[in-house]
Amino acid sequence: MKFMFTEDPQIKKLLASNETYDIVLGEFNLYQELNSVWIHKFNATAITLLPLGDYFFANEFNGLPDNPAYMVDWSSFFTDKMSFVERLINTVDFIGSTVVNYYYISVNQHIANELAIYPGWETRPPLVNLMSDVALVLVNSHHSVGYAYPKAPHVKEIGGMTLTGSTELPQDLKSFMDNATDGVIYISLGSNVDMNHMTRGKIEEFAKRFRSLKQRVLLKWFGNAFPKIDDPNIRIQRWFPQLGILAHKNTKVFVTHGGLQSLFESVNFGVPLVGVPIFGDQRKNVKFLVSKGLGVELNKRNFTAESLMWAINEVDSNPRYVEAVLKQSTILKDVPMRHLDEAIYWIEYVLRHGKVLQPASVHMPFYQVYLLDVLSFIITAIVVLYLILIRTLRKVLRNPKKKIE
């Protein structure tokens, strides 16, 4: 973020501009807090985008108290049903996450004071106030691909709005899939995973196992040492039109890193999964899909040709995975309007009415939201009353009334 404010000519142009805007829409969480300076710069209605649904710190700034008893963070290893030890770890994680995020806000505050300079910037509130004082929070989540949690009134789930892309396939790829009478296995671990590293340089061993499958295989390759596999049933490319592949009726299993968008797309088209989480929110996403019976998890340290074949055969041969993912697909699609249309509706709504959905808790200090002051008063009152009672009883017992004869 600091590099952008020092080097990006568009940022400098915006800082110096006299343009006016009705809306400032951007990411103000997940270490993007510096972006909130535009809210003050343009004095516009603020709408924040949250790319992850489960985020401890975002809940705090949305005026919704967190409950680590059943709410997990985006990097969690747990589901919403935790043992005592897991709840203990989750609570420590919540506290640690809060401390770390406040630290990064202070770092971004120093950058803002140094670089985000424009006429009137001296009256700018602290970033911590700007990023929380928004009219609307659009969250890339949905209870069909995540856990059902309470939301503040101005927080709206719009996950699934990216599912409107084209599902058309290039003719050669379409023919490859149309002619796969036993189906297709689609393997993609995203755009940040070196497949040469994942296969430990043993792609030939994987190819040998792929040849033993009755299904055809599509493998997305990222990294160097692009393999040359000469087999009509195996196709390796650096990029595939994923939406079109998952929409195809012959796709049987999706081997994925567990990215949130991949999970949305797979659930939408009813394709069961093999999850191989690598980092970030992928671990939580894969834990969710396993807990709902949408597929199985394969540890990245155990990503071998043999283990991959086991996972693929398990998911493909067991109908319960297809049934589970089709159930979630029905939930995802059972909405009053398209996800994109809902996002547009709420944006227009806050343009008309402002911050009417924003709860008062957004502006309340921590101790008031969690009623710490009220609890302190009640505990103090109980202790004081107890001490008065004890003192009174002692006084009475030490000075008993004399009998009157």
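Since every read-out is calculated from the coordinates, none of them should be taken as a lab result. On a predicted model such as this, the values are computed, not experimentally measured, just so you know. For neighbour counting, all protein chains shown are included, and Cβ atoms are generated from backbone atoms with ideal geometry for every residue, glycine included.
Some notes on this structure:
- For segment 250-300, the Kirkwood radius over C-alpha pairs fed into Stokes-Einstein at 10 °C and 1.306 mPa s yields D = 152 µm² per second.
- Residues THR167, THR256, THR330, THR199, sorted so that the one with the fewest Cβ neighbours within 10 Å comes first: THR330, THR167, THR199, THR256
- Applied to segment 241-253, the Karplus parametrisation 6.51 cos²θ - 1.76 cosθ + 1.60 on θ = phi - 60° returns per-residue 3J(HN,Hα) values of x, 4, 4, x, 5, 5, 6, 6, 5, 8, 6, 9, 9 Hz, with x for Gly and Pro.
- With contacts taken as Cα pairs under 8 Å and at least 6 residues apart, the chain reaches a relative contact order of 17 percent.
- Placing a label point 7 Å from the Cα of GLU306 along the Cα-to-Cβ line, the residues of segment 184-210 whose backbone N sits under 19 Å from it are 198-210.
- Of VAL253, VAL99, VAL350, the one that fluctuates the most in a GNM where the chain has Cα springs shorter than 10 Å: VAL99
- Converting phi to 3J(HN,Hα) with the Karplus coefficients 6.51, -1.76 and 1.60 and the offset θ = phi - 60°, segment 228-239 yields 10, 10, 9, 8, x, 9, 10, 10, 10, 9, 7, 8 Hz in sequence order, with x at every glycine or proline.
- Segment 282-386: C-alpha gyration tensor shape, a/c 1.5 cut-off, then a/b vs b/c: oblate
- Protection proxy ranking, peptides 200-210, 68-78, 44-54, average beta carbon neighbours within 10 Å, highest first: 44-54, 68-78, 200-210
- Taking amide hydrogens as placed 1.01 Å from N in the peptide plane, the amide H of GLY258 sits under 5 Å from those of VAL276, each at least 5 positions away in sequence or on another chain.
- Radius of gyration over Kirkwood radius for the chain, both on Cα atoms: the Rg/Rh ratio is 1.12.
- Span-rule helices in the chain, defined as complete DSSP H runs reaching 30 Å or more along the axis (Cα) with Kyte mean at least 0.5: 372-398
- Rounded, prolate or oblate (a/c below 1.5 giving rounded, otherwise prolate when a/b exceeds b/c) for segment 322-377 by Cα gyration tensor: oblate
- Modelled FRET efficiency - R0 30 Å, SER376 with VAL99, Cβ distances, 0.05 increments: 0.85
- Radius 9 Å from Cβ of LEU130, net charge of other residues (Lys, Arg +1; Asp, Glu -1): -1
- For segment 31-158: span of alpha carbons on each principal axis (Å, largest first): 53, 28, 18
- Per-residue [θ]222 nm for the chain (sum of -39500 (n - 2.57) over DSSP H runs n ≥ 4, rounded to 500): -13500 deg cm²/dmol
- Rounded is the label for segment 166-317, because a/c, from the alpha-carbon gyration tensor with a ≥ b ≥ c as root eigenvalues, stays below 1.5.
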